[in-house]
1. Please turn the phi angles of segment C:83-91 into ³J(HN,Hα) values with the Karplus equation 6.51 cos²θ - 1.76 cosθ + 1.60 (θ = phi - 60°), one per residue in order, whole Hz, x for glycine and proline.
2. What does the average come to when, for each residue of peptide B:274-287, you count the partner chain Cβ atoms lying within 10 Å of its Cβ?
3. Given a cut-off of under 8 Å on Cα pairs at least six residues apart, what relative contact order in percent is computed for segment B:48-115?
4. As a test of the formula, what do you get for chain C when each DSSP H run with n ≥ 4 contributes -39,500 (n - 2.57) and the sum is divided by the residue count, at 222 nm and rounded to the nearest 500 deg cm²/dmol?
5. Trypsin sites (Lys or Arg not before Pro) within segment A:1-44: which are DSSP loop residues with at most 12 other Cβ atoms inside 10 Å?
6. Once you've got the Cα coordinates, tell me which of A:LYS92/B:LYS288; A:LYS56/B:LYS233; B:LYS152/B:LYS306; A:LYS88/A:LYS179 are over 30 Å apart.
7. Enumerate cysteines in chain C without a disulfide-compatible partner, where compatibility requires another Cys Cβ under 4.7 angstrom.
8. Express in nm, to one decimal, how much length is gained between B:ALA303 and B:HIS363 on full extension, taking 0.36 nm for each residue of separation and deducting their alpha carbon distance.
Amino acid sequence: MIEVRWHGRGGQGAVTSVELLAVSAIAAGKYAQGFPSFGPERRGAPVAAFTRIDDKKINVRSGIYEPDIVLVLDSSLIGLVNVVDGLKPGGKIIVNTHKTPEEIRKDLNFNGSVATVDGTGIARQEMGVPIANTTMIGALLKVTGIMGLEAMKESVEHRFGRLAQKNLNAMKRAYDEIKIIN
Amino acid sequence: MGKRVGLEVTVAVAEAVALCRIDMAGVYPITPQSHIAEHLSTLVADGKLDAEFMTVESEHSAMSAVIGASGAGARSYTATSSQGLMLMHELLPIASAMRLPITMAIANRAVSGPLNILNDHSDIMPQRDAGWIVVFAENGQEAIDLSIQAFKIAEHKDVMLPVSVNIDGFQLTHMVEPVEMPTQEDVDQFLPPFVPHATLHPARPVTMGAFAMSDYFTEIMKAKDEAVKNSKKVILAVWDEWAKMFDRSYKPVETYKADDADFLILTMGSMGETAQLAIDELRVKGVKAGLVKLRLWRPFPFAEIKAAIKNAKKLIVTDRAVSFGGPGGPVFSEIKSALYAETRRPAIYNYIYGLGGRDVTVHDFVGMFEKIIADTGNVAADTYEFWGVRE
Amino acid sequence: MTLKSWKELPIGCVVSEPGSASEYHTGSWRSQRPIWHDAKCIKCGICYVFCPEGCVQQGEDGFFKANMDYCKGCGICAHECWPCAIKMVEEG
């Protein structure tokens, strides 16, 4: 089982990403859970969302405290929220930033695997909006290898209709452009 | 066969209710139930569900509206949580006394105060004696299945009682997870059209909800009690039919590795699956631990509970509500009373946990077992404790 | 009247016979009865309007009287009758 914790701000679409990813994984025959951090949320405030994906039925229903992967949708949260909290030994962190993985590793004082991609820049170029939630799904799929990008097609089309292709293009670019250091 | 899809559980429940071809829904939004109301309203607005979606100004009105609609012969549905359910409270015994087969989803949430929007069972527990059939779902699939079964049970001519399907708020309602959505054909085959026992109609006038004095009140209460008890036969038959048709079985009390267990834990609702993982962990360590899941809260399944726990040495009853100044959690006191006359019964411990959304992990469940096993003299038996409370 | 056992009650205690409350003769509660003095009556019908039991009826001659099977003797008709055509008198 792979457990992912997403960090974002209210309104950046972390919950949408978590839902799209879970729906796509389930459509691909896997078992998945996608859920928000439970409780009141407001625009701009730091929020978390969670994904569990496995090849067999998932029984656990408690929160995720020791994720395998942390995905940071908004790099301004680094320093504000302890994004590496509970990250498993050997766990990986993915950050939406124009910085290099080395710089982020230094910022976080973290020794594990770090991956970065300028998701916001890609989203702005591909979709004309600085919302990188779907873009960063591409980064997550590259780092984890959970499934291929094509698995996202149906759920993204269902969700975004005529805007789907732009989202898929952005996802593909993040998949291709992400820089990883182990 | 239905299609396996990933859906948020509230959306899946609304889709399932739509498959039941409801005539009317009267719902007032409240977290964490709101997505049920929103999705049902969308289905009606998009013309995918031919039903009246009544926007009401409160949950009191929602329950009043479904009582009226059900009395007029409409298949009627509502959903609520927490304070909404408390506001409906005075009408719940009226719906059951009038024998109206309303079904309601309760997205379980802590009751104020202090204000809290997260999950526990303090909303449903005060409704215990309202004369409704009460079932609990453990996961999204069960939430769907129970929602569909609820109509068939409620509307059976030998039942004619309202049913509430309890779905833990957030832990279940806000989870996107895999579910198998039955097809319209399957649901149509399973669920016959609603035939009311009486209807409000100007051409054939009847009086519903009339006045009764002391000369009849006792007889009416007795008849209602018998009706609720008697509904169990139909509940079992409907679950049997469901298992044959959909290959998913439902029982009033379900067990996991309980047959040879020395130590048992009893859960209700979404905690069951996490507890199951604790049982696996304990079994690996050689502890004969087992799990009992109580699905049917009313009518209370006395025989099934006794059979499931009689051979255990110790039993942990978990509660997600408090009976302040009372004998322990509501589930605990019911189980204790069910076993009062038994000569052979386990030592019973009560842990009140998961209040107002407090997370409960596999580690917590393992800890509960370790604690009762360490209590060799059964000193803490028959008492209750707030699990994990900061001293 | 024999009272029914719990087993004989209809589901939900639905009363299927319309207007069956009329079998209940509320006139037995009465301790006073209204007497109309038609000489003072102007046939305004205010007694008919205000009777909570709906038991005041207008005769062919246009004057009013109460159906004593249902009149509870509440006196509202007499109280409201502004030409003072109705007097309440003790029963028995």
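1. My calculation for segment C:83-91 gives x, 6, 8, 10, 10, 8, 10, 4, 6 Hz in order.
2. What the average comes to for B:274-287 is 1.
3. 36
4. One gets -2000 deg cm²/dmol as the mean residue ellipticity at 222 nm.
5. The qualifying sites are A:ARG42, A:ARG43.
6. Those over the limit are A:LYS92/B:LYS288; A:LYS56/B:LYS233.
7. Result for chain C is C:CYS13, C:CYS41, C:CYS44, C:CYS51, C:CYS55, C:CYS71, C:CYS74, C:CYS81, C:CYS84, no neighbouring Cys Cβ within the cutoff.
8. Once the chain is fully extended between B:ALA303 and B:HIS363, it gains 18.5 nm.
Values in this text are rule-based calculations from the coordinates and carry no lab data. What you see is a predicted model; the values in this text were computed from it and never measured. Note that each Cβ is placed from the backbone with ideal geometry, even for glycine, and that neighbours are counted across all protein chains shown.
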